[in-house]
1. Scan segment 264-315 residue by residue and report those that are of a type in the set (K, R) and touching a Phe, Trp or Tyr at 6+ places or on another chain (Cβ under 7 Å).
2. Can you name the number of the only condition in (1) surrounded by 14 or more Cβ atoms within 10 Å (Cβ to Cβ); (2) under 30 Å from N342 (Cβ atoms) that E200 fails?
3. Looking at (1) touching a helix residue (DSSP H, G or I) at 6+ places or on another chain (Cβ under 9 Å); (2) in a helix (DSSP H, G or I); (3) over 28 Å from K332 (Cβ atoms), can you tell me which one D559 breaks?
4. How many residues are outside any helix (DSSP H, G or I) and hydrophobic (A, V, I, L, M, F, W, C) when one looks only at segment 645-663?
5. Given the criterion within 21 Å of R4 (Cβ to Cβ), among the basic types (K, R) and in contact (Cβ under 8 Å) with a residue 40 or more places away in the chain, identify the matching residue among K500, K440, K452, K470.
6. Here are some residues: I85, I47. Which one is among the β-branched types (V, I, T), touching a strand residue (DSSP E or B) at 6+ places or on another chain (Cβ under 6 Å) and either under 16 Å from E19 (Cβ atoms) or surrounded by 19 or more Cβ atoms within 10 Å (Cβ to Cβ) (or both)?
7. Just checking, which of S238, S275, S258 is more than 22 Å from R171 (Cβ to Cβ), out of contact with any Cys (no Cβ under 7 Å at 6 or more places or on another chain) and at pLDDT below 95?
8. Kindly indicate the residue of segment 555-582 that is small (G, A, S) and in contact (Cβ under 8 Å) with a residue 24 or more places away in the chain and also surrounded by the fewest Cβ atoms within 10 Å (Cβ to Cβ) among those meeting that condition.
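The values are calculated or read from the model by the stated rules, or taken from the named source; none is laboratory data. Keep in mind the model is a prediction, meaning the values are calculated, not measured. When we count neighbours, we look across all protein chains shown, and the Cβ atoms used for this are built from the backbone with ideal geometry, even at glycine.
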Amino acid sequence: MKTREYTERTGKLKTFHLEDEIENMVKTPKSKPSSRLIRTKKGKKAIAGLIDIEKNHNHSWYQEIRIRAAKNPNALALFYRGTKISFSEMLEKADVLAKSFVEKGVKKGDEIPACLSNTPETVYILLALNKIGAKINLMGNHFEPSYMDSILDTCSNKLFIATDDMYLTIRDHISNRNYENIIVTSLADSLPEHPELCDEYEPTLDKYYHYKNHVEKFKKLDDRVKTFGEFYSVGEKSNAEVIDNGTLGDEFLVTYSSGSTKVGFPKQIIHSNRSLITSGRFHDSELSGNPDLKGLRGMAHIHTESNTNVITCISDNLMQLWSVALEPEYSKETALDAIFMNKPNYLNMTTSHLIEAFKNYLIDGKFHENGVGRKMPWLFACFAVGEGTSKGEEKFINRGLRVARAGSGVKIKGFSLPYTTLCVGGGDCEHGGIYYTLWKPLFDKINYFKTKNHDCGLLPEAYVLVSAFKPNPDGTYTECDFGEYGIIAANSATTMVRYKDNQQKLIDTIMTDDQERDWISSNVYGYINEIGGVHVKGRIENEIVLSNGSRVPSYVFEDIIGMDTKNVLSCSVVKPNIVGACPVVNIEFQPDKRISDINVINSILKRLKGKLKHDFSNELLFRIIDNKQSFPLSGAGKRSIHLLEQMGIYNAYTIEELQSFVDEKKSKGNSLILKK
């Protein structure tokens, strides 16, 4: 209840301190998942780590990066199309840029709107604004215009910052607003002059090394527009003093949810320096338990309005003194190109983008010569993030990693793997990146008996308290036992500070259990297994109502359908936006399945009837998703349930209609992708 009262008074969530939870956790029965952490060595180490952060890291994110970089200032920090930038060069650029911002009147607490792709200039801008103590609002160019207006109305009008690819799509919208300066950096600004001379040049991908610089054209249309070079020169000539007095609690990032609830209107989520510093600090080897690996490269290619990109792909890598490959192209069609061009050791990519990448590789034969594919020996850890991964999807992606011999060239203290397997990671935007499982199949095998034949699930970071809860009539919640389904909620030092301009929504996320402990809801169903693994199953509002009146969460259907990993790649069950319409099973088959579509669907219906004791033959429609087309994606690169719902019953058929088609064509192997 204290969190709710604090939030109602301040509009913010209370800072989570794990040590404050000890007393309640000790009183919690051992049958409850939240009692695990405090009773383990890892839990005690986490408490010590959080105390250390409060005492010795109470400064800006910029300062944390600078302190770490002092250990090896010449280490590679940024990689962009063959251009290599050291930590000392990166910080020098950020320092000059901070003076430019100060000269233009930017002060601590100012909220600067920006629409940026992943380039080196974006990292300089993040560091420079953080040094000043300003916030950056990283909006997307795919937001609804009216929503973008409401965002800009609450930001500073001193500056607007964009990359030229983003400015192309929002120029008319921005030009009508009263900005004193518009800074546009080009995707071409940091390209190597002679890319063919770079040691990692990819000749077959040459088009990505030659972006046009559009900024001069924009300057002719609006005299407020300045190139990055012109803005940077302001700082070079400046004698301004930039005071860095940042603290852990200072608000820094305004990022956005994926917008799956309302397309075009994602929630604005504010994170403080604490989120970035805590996340990075707990990846240090003495806290994570992982080997202390040097000189690795991660890739940042997810949209910058996602905190996953800024915190996980940029900040976490820099804090380990790893380099960041900055990739401005973001589409499923370019995913495989991005992997081969940047050669990341550590890769975060949505499940949907990974599937498309390995379809290109395995099915289309891209990056193959004489039938043999190029290998990925440098890809040490491949994480599926942002959305769930079905058993069939995991199987397909692992097949691609195996064929590509991913990770075979990376050694860990003399130990090497024949190839890496798919890892999983993530955590909702509100909590930051709180889940992490490296080498998922290996964890599954090691913990096979402990988890009672379930996979290990998402393993929460040590600084996270997470459990599942069932509601009580009095409005409180009771913590579930291990393996019992409920609403997943968590507490973490990386949990957001607040939603911007939506206090009621923030208050609605707070759950109070019957031990008077406050939790922040993730708004999804799931359960915790015996080793603390988190199984996220689906949003709590996604339910299917049967003819007998009972309600079944969509994920139950999807789990049962997805058991056939030989034939089913992906599945999403949705309620069409049509009154009285049957639920639609959107199903994509494995590209190499060997039996007919209709036989797969008949086995699905039989399995559903056996598991749920209900005949679904006349209560489900089936939409077969073409392997080439695949599922519609949101701007965040995730499967869009909203767009599937909007499709209604287009191309959706009863089992009788599908069977009739097969009988008419007399072709068992024919695809059932029809058009009404």
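1. Step one: of segment 264-315, the residues of a type in the set (K, R) are 267, 274, 281, 294, 297.
Matches in segment 264-315: K267, R297.
2. (1) is the only condition that E200 fails.
3. Of everything listed in (1) touching a helix residue (DSSP H, G or I) at 6+ places or on another chain (Cβ under 9 Å); (2) in a helix (DSSP H, G or I); (3) over 28 Å from K332 (Cβ atoms), D559 misses just condition (3).
4. Filtering segment 645-663 for residues outside any helix (DSSP H, G or I) gives 647-654.
If we keep only those that are hydrophobic (A, V, I, L, M, F, W, C) too, we end up with 647, 649, 652.
Looking only at that region, the number is 3.
5. Numbers: K440 fails: within 21 Å of R4 (Cβ to Cβ); K452 fails: within 21 Å of R4 (Cβ to Cβ); K470 fails: in contact (Cβ under 8 Å) with a residue 40 or more places away in the chain.
The unique qualifying residue is K500.
6. Exactly one of I85, I47 is among the β-branched types (V, I, T), touching a strand residue (DSSP E or B) at 6+ places or on another chain (Cβ under 6 Å) and either under 16 Å from E19 (Cβ atoms) or surrounded by 19 or more Cβ atoms within 10 Å (Cβ to Cβ) (or both), namely I85.
7. On the way: S238 fails: at pLDDT below 95; S275 fails: at pLDDT below 95.
When all the criteria are applied, what remains is S258.
8. Here is the first cut: in segment 555-582, the residues small (G, A, S) are 562, 570, 572, 580-581.
In the following step, the residues that additionally are in contact (Cβ under 8 Å) with a residue 24 or more places away in the chain were identified as 562, 570, 572, 581.
On the way: G562: 20, S570: 25, S572: 26, A581: 13.
Looking at residues that are small (G, A, S) and in contact (Cβ under 8 Å) with a residue 24 or more places away in the chain, I get A581.
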